[in-house]
Every structure is written in C-alpha cells, then in structure tokens.
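So the structure is just underneath, and the comments pick up after that.
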Amino acid sequence: MSTVTIEPLAGHYLQRSPKLYPNPKKTSQFSLNYSRRPLSGTATLRFCDYRRRRTVPIRARSTDAAVIETSEQLDVVFTETFSLKRPERAVGKISIRLDKGKDEENWHLSVGCSLPGKWILHWGVHYTDDTGSEWDQPPPEMRPPGSMAIKDYAIETPLQGEAFQEVKIDISSKWSIGAINFVLKDEETGVWYQHRGRDFKIPLVDCLDDDANIIGVKKESNIWSGSLGKLSNILLNPEASPSKGESSSIDGSGAKNRRLEGFYEEHVIVKETLVDNIVNVSVKQCPETAKNILCIDTDIPGNVILHWGICKGDTKIWELPAMPYPAETVVFKNKALRTLLQRKEGGNGSSGLFTLDGGLSGFVFVVKLDENTWLNCNGDDFYVPLSNGTLHLEERKQNEESNSSQLANRLPEESQEGSVYTDEIIKEIRSLVSDISSEKSRKTKNKVTQETILQEIEKLAAEAYGIFRSSIPTIPEIAVSDSEVIQPDVKVTSGTGTGFEILCQGFNWESHKSGRWYKELHEKAAELSSLGFSVIWLPPPTDSVSPEGYMPRDLYNLNSRYGSFDELKVTVKKFHEVGIKVLGDVVLNHRCASERNQNGIWNIFGGRLNWDERAVVADDPHFQGRGNKSSGDNFHAAPNIDHSQEFVRKDIREWLLWLREEIGYDGWRLDFVRGFWGGYVKDYLEATEPYFAVGEFWDSLVYTYGEMDHNQDPHRQRIIDWINATNGTAGAFDVTTKGILHSGHWRFPGGKEMQGYAYILTHPGTPSVFFDHIFSGYQSEIGNLISLRKRNKISCRSMVVITKAERDVYAAVIDDKVAVKIGPGHYEPPSGHQRWKMAAEGNNYKVWELS
C-alpha cells in the first residue's frame, strides 16, 4: 500500500495518506528513520569521463597534506552536490501591552511578535465565576476578526502585519473575566512559545495565585472598579473579603484594590528556521602517483568542521588515514579526524583539500556546526567512494539513496557503536548456540535449560532484526513519463491483498445486543456487494467474558452473543457467494481464564486449550504468570499470553488454521497487536496464508495544550516498526491519519462524516467504512464515492499531489484522474488541457474526475 507526503488537512499535517498500512517492501517512498525535524534536500550525482588526461606534477607541503599546488586539472573521477537545510536561529521579541480604553471599564490588550512567520495567538479566558477551569472561550464580541474556535476551551487568532505582527483584543468589565491566558504558536513549524515553560497569564483581578508566569499586572491589583471588582474578589478570593464591620476600598483608595495602570513588556523569543546551503564534493586522481585529491566546498557561513575518516575494503568502518594530516586537524578519540575548513576570500563559505593514498575504498564524513548540530546524509554518514576512480554498483545505489541531508543531534561515532552493539548481539547468539550444542552433546535431559537458551536466542534475534530494519536506507522514487510506465498484472500478496480492496466494518459496539447479528448480516450481504465492498470485517467469534467479544475465554467455542457456530458458517458462505471476502477478528494478545490457581489468581484456562500459568507473561503483576517477560505492552484487564512459548504458538497456529478451514475466514483483523512482538504475527500468518490481514496498533497521539501536535511522525513510525517486525506479512490500521481526521475526538466530529469519507475513498490506502454509516442517510453519497474510486482504479498505491492546504480548505489530485476539495474554502481543479467534471458533492466537500 502506498505512502505519500501531503500537506495540512483542516489545520493538521498528514505526513502520509493510507488508511491501512501496507507491506513496506512494496513502498519506495517510505523513510524508516525520522529526525526530530525532517529535512528535505536533493543531491545531483554525476559520473565523469575517466579517460586519462595529461599528467600534472603535484607539490605538497610536508606540513600540510591537504594543500596542493597544480597548474592544470587532474582526472576528475567523482563529483556530487548535496543540497542541505541548515538550522539557523533568529532572535526577536514578543511584546505585550495593556492600555486603558475610553473609560475604566474598557481596556485593550495587544500581543505582537517582531520575527517573520505565520504567528497564531492561542488564547482563552478565565471567568470570575468559574473556579474549576483556567481556560475557556471568550464571548464572541471579544474575538478579533479571523479568530477560530478550538474545541470548547480556546481561540486561535492570527497576528497581522508585515515587519511587526500584532493582534489586539478588547476587554470589557461586563464580561466578568478574571484572567487571559495565552501561548504563541508558529504555524509554519508547529512550535509553541511559552513564558518560563508555562502559559502566559494576564490577571485582571487581584487574587490569582502568585505564579511566575503572571505578566504585567502585579498581585493584589484589580482593573475593575465598582461592584464587579468587589464581586470578583469575593468569588476568587473569599478569604480576602472584608469581614463584618470592616471597610473596603473599591475605588482604588486602598492598596489592595488599586486600579491597574497600563503596562508594556517585552520577552525574548528564539525561532529556529531552516536555511538552504550546499556541499560540493569532488575527487581527482593523479595517474602517476594513484593518490586521490578530494575537494570539499560549501557555502555554509562561519566555522565549519569536517569530522572525517577513511574506509578500507568492503566495510564502512571508520579508520584514521596515514599521516601527515591537513592543517587545523585534531584526532578525535582515535576514531576520526576533525579538520577546520578554510574560509574563502570574502567570507562566503569554506573549502578544504585532502590528499589520500590510493587503495582506499572510501572517504566518510559528517559536518559539525557546533556541539549540538551535525549535518549528515539522510541519517547516515556521507560516503565518497575512492575505489580506483570507479564506483561499484552497490555504492552507486547507496549514493543515489542518500539524496537528502538531514539534521542529526547525535555524535557520528554512534553509528560505529551501533555496529559494535550488533556485533555483540551476534556473539551472544553464537555463545548460546554453543551452549545448547554442548547440552545436546552431553545428552542432557534438561529440556527446560534448552528451552531457556532458545528463548534468549529468539529475543536477541528480534533485537538484532529491529536494528537491521532501522538501518535500511530508502530508495527515492524516480519520475518517469506515462509512456515508460509498464502496468503489471494485479498480484495478490498473502496478507495484503491486491491493493484495490474496500473494507466494511460489519458491526458496531452494540451489535451483540440483538443476539442475531449474523442473521442480520446475512440479509445485508447482497446489498453490500452491490455497493462495491470487497471485504467485510466480522466481530470476534469466540466465547467471551465481555459481550463484545474482546475478552476471549474458550477459543474453540464459537457460540457468542452475535450468534451460533452454524449461523456464522452460513453467513460466511453467503458473503462468499456474493463475492465478498471475510475477515475474522482474532484476539491473540490476552485470554480470560476459567479457573483460579492455588493462590486464588485467575490464570488456569479451560476448554480444548487448557493452558496454565506458563502461558502467561511473567511481568504482569495481576496474574502471576510463569512465562517469560512480555514482548510488548501489557493489557491489564486479562492475562497476557506469552507468545515466546512454543506450545502457545503451536496451539494458536492450529486454532487459526481450524478457523480458516471450518468457518471459511479469508483473513484476519488482529486485535491489540501492541501487546506482543510482530515476529510472532509473522509466524501465524505464514502458517495460515490469509488473503488479507490488518493489525490494530492503537497508540496515543501527541498533544500540547489539549491540541494535537502537527508532527505525528513518531506515532506513525511505531506502526511502521510493527509492520517491519511482521516482515510485511500484514498491514495496519492507519491510526495516525484516523486521529488527525478526528482532530482529537473519539467519535468523528458530528456532521462531518462525509468529509472524512471524501478523503479516504479518494486517497491511497485501503478505505474502511463503518456499517452504521452505510445503512443511514449517507448510503447514496458513500456508494457514489465507492463507484468513483472503482471507476478510476484508485488503489493503495495511487499517487497524490496536494494542490491547496490552508486553514479552511484542503485539495488534492489523485493519479491525475480525480480531484477532491474538503472544507468550506474555495477551490477549482487546475485548468489547461484537462477537462474536469463534477462527480460528487456534499457538505463542505467536492470531487471531480476527468471527463
């Protein structure tokens, strides 16, 4: 299933668009390594004419091997230009001003920023009569033009202006506002700016806590006079209200309730931006001496240090070259050299020349700007091949793959440490294999000892595999013309289908209540087929402690709240008759016990799979398991199954095969796969060979101030890591995109369901449609979008081009055949030789296709 890079949708960045994650082996665009802030870039690679030119003598100073003097050009055997994005800090000011209006009851708050960018004031108010919430939305008349409500607690208002941006807020005593809270957000980067690590707070009454983040107004001041000031004091600080017989100054005569004078404050703000730079690398070769002269030239300003070394043979292990070294060079931990590049005349960048002996395989380096900032090549070290002036095919591929430079806040020797670490893992595995071999040679009958060793080998192999997968470079997609594209025959890959599937979630959380859900589905099978669905996901079939089916007990007992064993078989057969594949919902992470053990703990299982404590992980304190430690996150409501046990895996494989043969399931929906290693899933899927399989790796998104962060790459990466662990035998629900579309709500925002379907039914991925939405007022719109998707052959590997992404509209073109607009803003598909016609339209969405 494909992955694409897309722009913000309704104010949030979607980094990729599939609805179900694919087999990553089929996806060329994926990057498995993420930096804190991904940087884009390009590299131009040229392979030069290797014909010998006239020999030129070289005169090298004995004290500086990097400086050469030549009168004519040597043989140029390699050249490459890297486009870098370098972090640069800009320092500015946030200004805050409170001015009195036409009278004591009206005031004006101004917040400004001196740095360029798209600045947003994220703010809210604290009402004097609300003792439970610090943030709430202000009254509508208080909101400046262009403001947008954020859920029910805040407002976002863009700052206006050119050189200096500012927003002004009117405040009136009639609104009973006790304080204004805010943070400043840079919409370009998604970074939030606070005051000393907390929200800015401007109190308008005198009795707020003496927090360090209070701005301007001093404690025990009150801008409101008259009865409102008195009321606010009573509500927010009852201990400070005058006792009976005492007088209180409301008009400012007393220090305690003095009126506030206007104030002006400035706070330093530092913004990190990305600046374009380049690094040119060229290698020249002296035909007579066979020495390589490597030239590095960059336009990066300031001091630039090259952290470098050489490689020998096929390995890319850093080594120190033979002396002498260039000027301004120091040895770093006997692992690498650090050379300060020489400034160019005029100060526009730096350069350096390095004379290297022949016979070396490569020159490796990273660029150091300061102690915390390094520039490398797509997460790896820069590598320049030196093999006799030619490039091996494998080296050429690696250079083409490293086509962008990224910022990495790490020391370069970490890559070597990673290599050493994997070597240590390999040594441990070999040692354990030797141990088990010696056990067998002595004809030891201690099976427990052998099983323990095998389990340790399995865990170490999993760890090494994870390191291996994370180090695999990505291959950039090469653009080709339509005439060069060869359309392959549609191929079904076990676990991932054809790529054209449209999935129906065939139940809801309360479907079990009818007691005859299988029969109801049987009646709807033909209609679902006519709408264009190709796969249906059925609810968990097993006997379960919970009626929904997600607390399974006796796995071979398929009489559930949804219907009987026979009703399930008949329903599956019916779907097959109308051309729909069926997924079984299987819960492999945990299982409910049937009996207590001698300590009164529920960990003795009944039925055909009568396991005991050995089948339960050891690190869940609730169920006293005697298995190994969990390979994932524990689900604390039921005993977590230890999949490292061979008898457990054997029983699960047999059970899944029984479901395939006896019921006729075509594939699996795998519940709570966060709970156990994806390598075990690989074992189960290779044994059962499903047509389609999808895992539920449900994880929490990242939020700041109650609002979802723009960058959800780490969340998405965890799902990809799980897919990699399965070796691509299963896809995964795109929980990241689902969460972004929800904008943080558990239920999809009411009334906007069709905007969500307009997105997932036109974009790459495998769309999943909810049963309740199909049999509701949305059926005709959903059916129309499904027909459009099938008519234009949109698949999980389709391509997307984002054409517009603003606060009120998102628009994209898919496969150059379908255009979609979501949101109230205006958009029309690109004109020209293409002719577009309207294909679907609804509440704040439109879809076009080529006529």
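A few remarks follow.
- Rounded FRET efficiency, nearest 0.05, which uses the C-beta distance separating D103 from K629 and R0 of 51 Å: 0.15
- Of the peptides 84-95, 607-618, the order by per-residue mean of other Cβ atoms within 10 Å, starting with the highest, comes out as 607-618, 84-95.
- Rounded to two decimals, the Cα-based Rg/Rh of segment 515-623, with Kirkwood Rh, is 1.10.
- Legend: distances between Cα atoms for K118/K271; K574/K738; K574/K682; K168/K201; K752/K817; pairs beyond 19 Å are K574/K738; K574/K682; K752/K817.
- Cα-only radius of gyration and Dmax that characterise segment 776-851, units Å: 12.3, 39
- Probing with 1.4 Å while keeping every protein chain in the model, the per residue accessible area of segment 302-360 equals 53 Å².
- Segment R338-D129, extension gain: residue separation times 0.36 nm, minus the distance between their alpha carbons: 68.9 nm
- With protein chains left intact and a 1.4 Å probe, residues in segment 623-759 average 35 Å² of accessible area per residue.
- Net charge of neighbours whose Cβ lies under 15 Å from the Cβ of I641, counting Lys and Arg as +1 and Asp and Glu as -1: -3
- Residue-span extension gain [S594 to E661] - 0.36 nm each, minus C-alpha spacing: 21.5 nm
- Segment 631-711: Cα Rg divided by the 2.2 N^0.38 Å rule of thumb: 1.36
- Eigenvalues of the alpha-carbon gyration tensor of segment 702-851, scaled by 5 and square-rooted, set the equivalent ellipsoid semi-axes at 26, 19, 17 angstrom, largest first.
- Principal axis extents of the C-alpha atoms in segment 671-729 (largest first, rounded to whole Å): 46, 20, 17.
- Taking the protein heavy atoms of segment 508-651 in the context of the full set of protein chains, the accessible area attributed to carbon and sulfur is 46 percent at 1.4 Å.
- For segment 747-788, alpha-carbon Rg and Dmax in angstrom: 9.7, 26
- Volume of the convex hull of segment 266-315 (Cα atoms only), normalised per residue: 159 Å³.
The values are calculated or read from the model by the stated rules, or taken from the named source; none is laboratory data. For clarity, every value in this text was computed on a predicted model and none was experimentally measured. We place every Cβ from the backbone using ideal geometry, glycine too, and count neighbours over all the protein chains shown. Heads up: the accessible areas ignore ligands, DNA and RNA and are worked out on the full protein's heavy atoms, side chains in. Shrake-Rupley method; radii C 1.70, N 1.55, O 1.52, S 1.80 Å.
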